[in-house]
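The values are calculated or read from the model by the stated rules, or taken from the named source; none is laboratory data. All values reported here derive from a predicted model rather than from experimental measurement. Reconstructed Cβ throughout: ideal geometry from the backbone, glycine too, with neighbour counts over all protein chains shown.
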């Protein structure tokens, strides 16, 4: 199991997990709803949201099991899972996509 890449990652996952229960702030709800709407517009949006539903909302499957239910490859489900968490973080204002080329990215000091 890897550690989150970003400090905000666990917060964004928590925001997504709390969404169905209504135990989130108005700003959190707005960010998750915006991510849901944007994901729905993708060609494979329904499948992506099914992975999110099974893993983060219903909590009945791990990502590998959700991949079998969709069906898609495990790697694709992992990517969709991460994409959705990053999208919620972006909609909430926690993350902005770094567009610099890979070679220019330096380590933090």
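The single condition among (1) free of Cβ contacts under 8 Å to residues at least 60 places away in the same chain; (2) over 23 Å from residue 5 (Cα atoms) that residue 30 does not meet is (1). Looking at (1) surrounded by 15 or more Cβ atoms within 10 Å (Cβ to Cβ); (2) under 16 Å from residue 9 (Cβ atoms); (3) at pLDDT below 95, can you tell me which one residue 96 breaks? Every listed condition holds for residue 96 apart from (1). Scanning for something loosely packed, with under 14 Cβ neighbours inside 10 Å and touching a residue at least 40 places away in the same chain (Cβ under 8 Å), does segment 60-83 turn up at least one residue? No, segment 60-83 has no match at all.
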